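What follows is a single structure, written as structure tokens, with notes after it.
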Amino acid sequence: MVRRVVAEGIGTALLLAAVVGSGIMGDRLAAGNVAIALLANTLATGAALIALIFTFGPISGAHFNPAVTLADASQGGLRWQEVPGYITAQAAGAVVGVWTAHLMFGEAIFQISRHARAGGAQMASEFVATFGLLAVIWGCSRRRAEAVPLAVGLYIVAAYWFTASTSFANPAVTLARSVTDTFSGIRPADAPGFILAQLAGAFAATVLFRWLAPALHKKEIARGA
């Protein structure tokens, strides 16, 4: 369990270092072209996510996301008593990753975001982004588990561009990005709405795939027994 928690913390930290660091780099190099900055942020995030899932998946499952952890536990893939350790590691690792990105780019370590991301369109985007993420995970896990890292990374790359919120799809990421006043930040006041939408999306996808893929549910229960 200790190894798994450490893997979740380190993996989430590296993921946020990639998200925030590439956002800073893209913003600096794009000369005001937001589309180019977002493209750089997207590609770096997707590539890092694929690599990190391949790296830490065999150890902890490479959740890096409280919504994924809660969904997995709800289907018997993770014991409920292990959930607090996973989520704590994810949240702490995410903040450390943001601070690490600040350090690497000479930014002030401690910041609070002023980047407004409010409104119904943003909340709907986060619901859709997280629903799609969990759908990809549950769908691929059924018969092609080896495809999960690539499928998840490619989905996030796409969702950056087809959602108005740029697809946070992760409560730990959302909280951590509230403490960076850089390209990828979100105001703390907007974070609770994002998180509620993300949890709702994850719940909806999990319920749907329990019906669409009942064999998957049985397999997860057996693995957690």
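With a requirement of 1 or more residues that are touching a Cys at 6+ places or on another chain (Cβ under 9 Å), the helices (runs of 4 or more DSSP H) lying completely within region 119-208 that satisfy it span 148-162. Where residues in region 33-48 are of a type in the set (Val, Ile, Thr) and open to solvent by less than 70 Å² (accessible area, probe 1.4 Å), which of them is nearest to residue 148 (Cα to Cα)? By that ranking, first place goes to 45. When you scan region 125-144, do you find a residue that is loosely packed, with under 15 Cβ neighbours inside 10 Å and more than 22 Å from residue 69 (Cβ to Cβ), even just one? Checked against the condition, which is being loosely packed, with under 15 Cβ neighbours inside 10 Å and more than 22 Å from residue 69 (Cβ to Cβ), region 125-144 yields at least one hit. Candidates are the residues of region 38-80 that are part of a helix (DSSP H, G or I) and in contact with a His (Cβ under 8 Å, 6 or more places away or on another chain); the one that is farthest from residue 91 (Cα to Cα) is 72. Quick one: is residue 30 under 14 Å from the mean Cα position of the chain (by Cα) and either open to solvent by less than 20 Å² (accessible area, probe 1.4 Å) or basic (Lys, Arg) (or both)? No, not satisfied.
For region 185-216, the candidate set comprises residues that are of a type in the set (Val, Ile, Thr) and closer than 30 Å to residue 107 by Cα; within that set, the residue that is surrounded by the most Cβ atoms within 10 Å (Cβ to Cβ) is 186.
Residue 22 - would you say it is modelled with pLDDT under 95 and under 26 Å from residue 88 (Cα atoms)? Here the answer is no, as residue 22 does not meet what is asked. Look at (1) open to solvent by less than 50 Å² (accessible area, probe 1.4 Å); (2) assigned to a helix (DSSP H, G or I); (3) of a type outside the set (Lys, Arg) and you find that residue 113 fails only one, number (2). Given the structure, is residue 103 over 25 Å from residue 200 (Cα atoms), touching a residue at least 60 places away in the same chain (Cβ under 8 Å) and part of a helix (DSSP H, G or I)? It is false that residue 103 is over 25 Å from residue 200 (Cα atoms), touching a residue at least 60 places away in the same chain (Cβ under 8 Å) and part of a helix (DSSP H, G or I).
The values are calculated or read from the model by the stated rules, or taken from the named source; none is laboratory data. Nothing here was measured: the structure is a model prediction, and the numbers come from that model. Don't worry about glycine lacking a Cβ; one is built from the backbone with ideal geometry, like all the others, and counts go over all protein chains shown. Note: areas computed on protein heavy atoms with side chains; ligands, DNA, RNA excluded. Shrake-Rupley method; radii C 1.70, N 1.55, O 1.52, S 1.80 Å.
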